[in-house]
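*Asks:* Here's a structure for you.
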Amino acid sequence: MASKTVFIDGEAGTTGLGIRARLEGVAGITLLHLPERERKNVTARQAAMAAADLVVLCLPDQAAREAVALAEALGAKAPRLLDASTAHRTAPGWVYGFPELAGGQAPAIAGAVRVANPGCYATGAIALLRPLVEAGLIAPDQLLAINAVSGYSGGGRTMIAAHEAASGPAFELYALGLEHKHVPEIVHYAGLARRPLFVPAVGHFRQGMLVSIPVFLDQLPGRPSGGEVRAALAAHYRDAALISVPAAAEAKITAETLAGSDRMELMVFAHEGHRQAVLVARLDNLGKGASGAAVQNARLMLGLPAPAADEAAAQGQEIAHAR
């Protein structure tokens, strides 16, 4: 098989660096790089796009939209696009890059010209909610609250610098205007008819993430048990290499457990006597929540085999330890 060429537009950012590090270890991929002085040069960027089979956009939203226009101007030479920004996640003509979302999602990504990489919080929330909505265990108009905490590496250069200088807060809630940019994709791809209450937070640790959704079992359709909720998740992801549904035997869990991994764990903590449950997704905000997901999508788009779960975990750990 001939080598596939990939250009990462915006490779100097946190997500771009993670994608680059992962792709450098993938056989059958050649990476195009621009010298630092040319990374904002429109002519140089467009030339790199024309030479690439796949362009990965790791840019702010508006810059990503401008990059798409730049690629479209190439006409017949336009490359396929994988956008890691928020700009196109619910846009017409773009395929959502969550291969495990539904049975036909991975083939749709493989054949797509334009793919939008999911948001980190959205990945955890949708992974929990979509199968349960499809199984009829959560109503689309259910009143839901989603709580989440992420490592500071998802907050951009200013936040990273503050925390790594030891001046970052131990824990902070944010987006308390209740307009977080990940909510529209959660609503859309989880199959919800009612906007959930989403409360994100940042902790004083570099990477890792917990997304948790508390539910009253008696308020769910059919009044399921916690075991039935977990069984529905396990059935949906039984063939997923990177998503597992372990038994929730721990009394407490930490966000950093999967730091450096491209995997995600989904757990159901339930008390049948109280008829209460907490649904939890644990992932790395830079792994399955960003760069790892992008590489999973890039492999599909380029027709390259997916790594086994243990291989992906080992690769992610090597990248994390190299930082």
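*Asks:* What are the radius of gyration and Dmax of segment 29-69, computed over its Cα atoms and given in Å?
*Replies:* Cα radius of gyration and Dmax of segment 29-69 are 10.2, 28 Å respectively.
*Asks:* Restricting to the chain, compute how many DSSP beta bridges are antiparallel as a %, nearest 5.
*Replies:* If I count the DSSP bridges inside the chain, around 45 percent turn out antiparallel.
*Asks:* Using the alpha carbon gyration tensor of segment 68-218, what are the three equivalent-ellipsoid semi-axes (square root of 5 times each eigenvalue), largest first, in whole Å?
*Replies:* Here the semi-axes work out to 28, 24, 12 Å.
*Asks:* What are the equivalent ellipsoid semi-axes of segment 1-102, built from the alpha-carbon gyration tensor (square roots of five times its eigenvalues), in whole angstrom, biggest first?
*Replies:* Semi-axes, largest first: 19, 18, 15 Å.
*Asks:* While we're on this one: Percentage of Cα-Cα pair distances in segment 125-281 greater than 26 Å, rounded to whole percent?
*Replies:* Across segment 125-281, Cα pairs with separations above 26 Å total 29 percent.
*Asks:* While we're here: For the chain, what is the mean residue ellipticity at 222 nm derived from helices alone (per DSSP H run of n ≥ 4: -39500 (n - 2.57); sum divided by total residues; nearest 500 deg cm²/dmol)?
*Replies:* -10000 deg cm²/dmol
*Asks:* Distance between Cα centroids, segment 69-147 to segment 180-202: provide it in whole Å.
*Replies:* 13
*Asks:* Would you mind working out the accessible area per residue for segment 17-166, using a 1.4 Å probe, and quoting it in Å²?
*Replies:* 42
*Asks:* Right, here's the next one. Quick one: ranking Ser261, Ser244 by accessible area, 1.4 Å probe, largest first, what do you get?
*Replies:* The ranking, largest first, comes out as Ser244, Ser261.
*Asks:* Another one. Probe radius 1.4 Å, ligands and nucleic acids left out: which of Asp239, Asp9, Asp218 has the largest accessible area, and how do the rest follow?
*Replies:* Asp239, Asp218, Asp9
*Asks:* Would you work out the charge dipole size for the chain about its Cα centre, treating the Cβ of every Lys and Arg as +1 and the Cβ of every Asp and Glu as -1, and quote it to the nearest 20 debye?
*Replies:* Rounded to the nearest 20 debye, it is 380 debye.
*Asks:* A further question on this structure: Place a +1 charge on the Cβ of each Lys and Arg in segment 66-116 and a -1 charge on the Cβ of each Asp and Glu, then give the dipole magnitude about the Cα centre in debye, rounded to the nearest 20.
*Replies:* 100
*Asks:* Once the dipole of segment 1-135 is set up with Lys and Arg at +1 and Asp and Glu at -1 on Cβ about the Cα centre, which of Val133, Ile29, Pro118 lies farthest towards its positive end?
*Replies:* Looking along the dipole axis, the top candidate is Ile29.
*Asks:* Another one. Taking every DSSP beta bridge with both residues inside segment 78-206, roughly what % is antiparallel (nearest 5)?
*Replies:* Of all bridge pairs located within segment 78-206, approximately 20 percent are antiparallel.
*Asks:* Using only the alpha-carbon atoms of the chain, report the extent along each of the three principal axes, biggest first, to the nearest angstrom.
*Replies:* Rounded to whole Å, the extents work out to 64, 46, 38 Å.
*Asks:* Carbon and sulfur together cover what percent of the accessible area of the chain at a 1.4 Å probe radius?
*Replies:* Carbon plus sulfur share of accessible area: 55 percent.
*Asks:* Could you work out the mean projected area of the convex hull around the alpha carbons of segment 43-152, in square nanometres to one decimal?
*Replies:* Mean projected area of the Cα convex hull: 8.8 nm².
*Asks:* In what order, largest first, do Glu250, Glu185 sit by accessible area if the probe radius is 1.4 Å?
*Replies:* Glu250, Glu185
*Asks:* Oh, and also: May I have the extent of the alpha carbons of segment 100-150 along their three principal axes, as whole Å values ordered from largest to smallest?
*Replies:* That works out to 36, 29, 14 Å along the principal axes.
The values are calculated or read from the model by the stated rules, or taken from the named source; none is laboratory data. Keep in mind that this is a model prediction, so the values were computed, not measured. All Cβ positions, even for glycine, are placed from backbone atoms using ideal geometry, and neighbour counts span all protein chains on display. Ligands, DNA and RNA are stripped out before the accessible areas are found, and what is left, the full protein with its side chains, is counted by its heavy atoms. Shrake-Rupley method; radii C 1.70, N 1.55, O 1.52, S 1.80 Å.
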